[in-house]
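Student: A single structure is presented below for examination.
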Amino acid sequence: MIRKFRKEKISIQNIGKQRFWIGIISGLFSAIIISLTFNYFRELFRYFTTLSADLLILEKSELQFYNYFFASLATVLGLSITVSIWMTNNNHRRKKDKIYKQLSRTNILFTFWLILMMIARFGSVVPFVLYGMPGYDNQLNLFEEYWLLFVLIPIVVFAQNWFIVRLVYLSSKWIFFSFLICIAITFTLKNTTSINQDILNVAYHKKFQSDYNYIDYQLNKAKSEYGIKYQENTIATLKKWRTQSSTEQVISLKSTFSKDHKVPLDTIILQKIVIRNFKENGRYFRRNSIDNWRYAFPKDILRQLEFYDINSNESKELIEILKEQIELINTPEIDWEEYDKHTDTEIRKSFGIKYNVPKQIIEQLEKVRDSLINDIKYYGISKDLPELKQMNE
């Protein structure tokens, strides 16, 4: 009588051979589809970040971590499908087995859809609201700050799959072996369904290839001719466009030139690069406001020239800044039908110069140019400064 009410060991015979294999195949298929979906949507959301911010690029260790997380979560969700199918058998030894099996299926499927909805919700809101915001600069690093959460989620789902099953069957060995199989499938999915993020990275960087080439050229020139070597974080910031560090760099450079003291050569070169690549500081005031000018004022550059010897490297690079500013003002307007023939920076320049350059800057730049050319002291280094086309229109 006592043995009649003991739990049976879970087995293929108790589950049903056909139902067992249907569960295995359905679980594997689900795991593959879920893993592919996770990975493709991650790349899709990364692409969306480029519409209003810099492309979200994961570090190698961070990318590997998320690949394993998606693979492991897809695996245990596939296991959910498998176990829920196994629990549809009608072989009940005890009166409560039918209730427990129904409870098990309900619990497993509830967890399955809850996790998918949570990932879908969090995985879409964060890229659009946070990662896609201009100024985002990795302020919220989920990998470093909440890595344990990503480790626990697959473990909890795995344990939840077997939690109520144990009320029906003795399943310790199956739990152990399913855990080992899940680990093996995780590694397999990670290697077969992960998407190489370099595909999107290369396409994104290609948009700014000319800008990156100019930055590299100027940095190599600074090192070879002036012995200046920039820190890696400074170089990385130069190659970003809308992050907080990038906008702060633009604001800081402008502020440095506004002060009544010598600006070092390394800062002068940075200002030249920033102007050439039309980097923005994210601030816009009323139209035609002089505060819309993001770079050193021409009059501040003229004051800096007075601090240095006419033949110094600093004077040479300061004239280069004025030249870049004039060429920026002279940027021709690009018709929208010809956008595909121009780089992203050229398009931004065309649009920005048309709407966000105040007349005061154009007038100030013209006065500074005329002052230098008409001054015998500076004529030798300033005679090649181009004319401002805006003044002649």
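The values are calculated or read from the model by the stated rules, or taken from the named source; none is laboratory data. From a predicted model like this one, the values you see are computed outputs, not experimental measurements. Positions of Cβ are backbone-derived with ideal geometry, glycine not excepted, and every protein chain shown enters the neighbour counts. Surface areas here come from the heavy atoms of the whole protein model, side chains and all, with no ligands, DNA or RNA. Shrake-Rupley method; radii C 1.70, N 1.55, O 1.52, S 1.80 Å.
Student: When the residues of the stretch 261-293 are filtered to those that are among the acidic types (Asp, Glu) and at pLDDT below 90, which remaining residue is nearest to the chain's Cα centre (by Cα)?
Tutor: 280
Student: Does residue 9 satisfy the condition of being open to solvent by 80 Å² or more (accessible area, probe 1.4 Å), at pLDDT below 95, within 14 Å of residue 169 (Cα to Cα) and in contact with a strand residue (DSSP E or B) (Cβ under 6 Å, 6 or more places away or on another chain)?
Tutor: Spelling it out, residue 9 is indeed open to solvent by 80 Å² or more (accessible area, probe 1.4 Å), at pLDDT below 95, within 14 Å of residue 169 (Cα to Cα) and in contact with a strand residue (DSSP E or B) (Cβ under 6 Å, 6 or more places away or on another chain).
Student: Can you give me the number of residues within the stretch 160-179 that are small (Gly, Ala, Ser), more than 38 Å from the chain's Cα centre (by Cα) and surrounded by 15 or more Cβ atoms within 10 Å (Cβ to Cβ)?
Tutor: Adding up the residues that qualify gives 1.
Student: I'd like the full set of residues that are more than 22 Å from residue 294 (Cβ to Cβ) and buried (at least 20 other Cβ atoms within 10 Å of the Cβ), limited to the stretch 315-327.
Tutor: 315
Student: Looking at the stretch 167-190, I want the residues that are closer than 27 Å to residue 35 by Cα and have a partner that is part of a helix (DSSP H, G or I) and open to solvent by 30 Å² or more (accessible area, probe 1.4 Å) with Cβ atoms under 6 Å, at least 6 apart or on another chain. Which pairs are those?
Tutor: Within 6 Å, the pairs are 190/68.
Student: With in contact with a helix residue (DSSP H, G or I) (Cβ under 9 Å, 6 or more places away or on another chain) and either open to solvent by 60 Å² or more (accessible area, probe 1.4 Å) or outside any helix (DSSP H, G or I) (or both) as the only criterion, which of 367, 349 stands out?
Tutor: Selected residue: 367, the only one of 367, 349 that is in contact with a helix residue (DSSP H, G or I) (Cβ under 9 Å, 6 or more places away or on another chain) and either open to solvent by 60 Å² or more (accessible area, probe 1.4 Å) or outside any helix (DSSP H, G or I) (or both).
Student: Is it true that some residue in the stretch 87-94 is hydrophobic (A, V, I, L, M, F, W, C), in contact with a Phe, Trp or Tyr (Cβ under 9 Å, 6 or more places away or on another chain) and farther than 30 Å from residue 169 by Cα?
Tutor: Looking for residues that are hydrophobic (A, V, I, L, M, F, W, C), in contact with a Phe, Trp or Tyr (Cβ under 9 Å, 6 or more places away or on another chain) and farther than 30 Å from residue 169 by Cα, one finds none in the stretch 87-94, hence no.
Student: Within the stretch 54-86, how many residues turn out to be over 25 Å from residue 128 (Cβ atoms), open to solvent by less than 20 Å² (accessible area, probe 1.4 Å) and of a type in the set (Gly, Ala, Ser)?
Tutor: 3
Student: Restricting attention to the stretch 240-271, which residues are part of a loop (DSSP other than H, G, I, E, B) and more than 24 Å from residue 318 (Cβ to Cβ)?
Tutor: 240, 241, 242
Student: May I pose another question? Among the numbered criteria (1) in contact (Cβ under 8 Å) with a residue 40 or more places away in the chain; (2) in a loop (DSSP other than H, G, I, E, B), which one does residue 90 miss?
Tutor: (1)
Student: I'm trying to understand the selection: among the residues of the stretch 366-391, which are under 43 Å from the mean Cα position of the chain (by Cα) and more than 18 Å from residue 317 (Cβ to Cβ)?
Tutor: Those that are under 43 Å from the mean Cα position of the chain (by Cα) and more than 18 Å from residue 317 (Cβ to Cβ): 366, 367, 387, 388, 389, 390, 391.
Student: A further question follows. For residue 85, only one of the following conditions fails: (1) part of a helix (DSSP H, G or I); (2) out of contact with any Lys or Arg (no Cβ under 8 Å at 6 or more places or on another chain); (3) more than 30 Å from residue 138 (Cβ to Cβ). What is its number?
Tutor: Among (1) part of a helix (DSSP H, G or I); (2) out of contact with any Lys or Arg (no Cβ under 8 Å at 6 or more places or on another chain); (3) more than 30 Å from residue 138 (Cβ to Cβ), residue 85 violates only (2).
Student: Please work out if residue 163 is under 23 Å from residue 107 (Cα atoms) and without any contact (Cβ under 8 Å) to a residue 24 or more places away in the chain.
Tutor: No: the conditions fail for residue 163.
Student: Take the residues in the stretch 12-21 that are open to solvent by less than 80 Å² (accessible area, probe 1.4 Å), assigned to a helix (DSSP H, G or I) and out of contact with any Gly (no Cβ under 8 Å at 6 or more places or on another chain); name whichever of them is nearest to residue 79 (Cα to Cα).
Tutor: 20
Student: While we're on this one: Suppose we filter the stretch 230-246 for residues that are surrounded by 12 or more Cβ atoms within 10 Å (Cβ to Cβ), out of contact with any Phe, Trp or Tyr (no Cβ under 9 Å at 6 or more places or on another chain) and of a type outside the set (Phe, Trp, Tyr); how many remain?
Tutor: Number of matching residues: 7.
Student: In the stretch 118-159, what residues are open to solvent by 50 Å² or more (accessible area, probe 1.4 Å) and under 29 Å from residue 89 (Cβ atoms)?
Tutor: Answer for the stretch 118-159, where residues must be open to solvent by 50 Å² or more (accessible area, probe 1.4 Å) and under 29 Å from residue 89 (Cβ atoms): 155, 156, 159.
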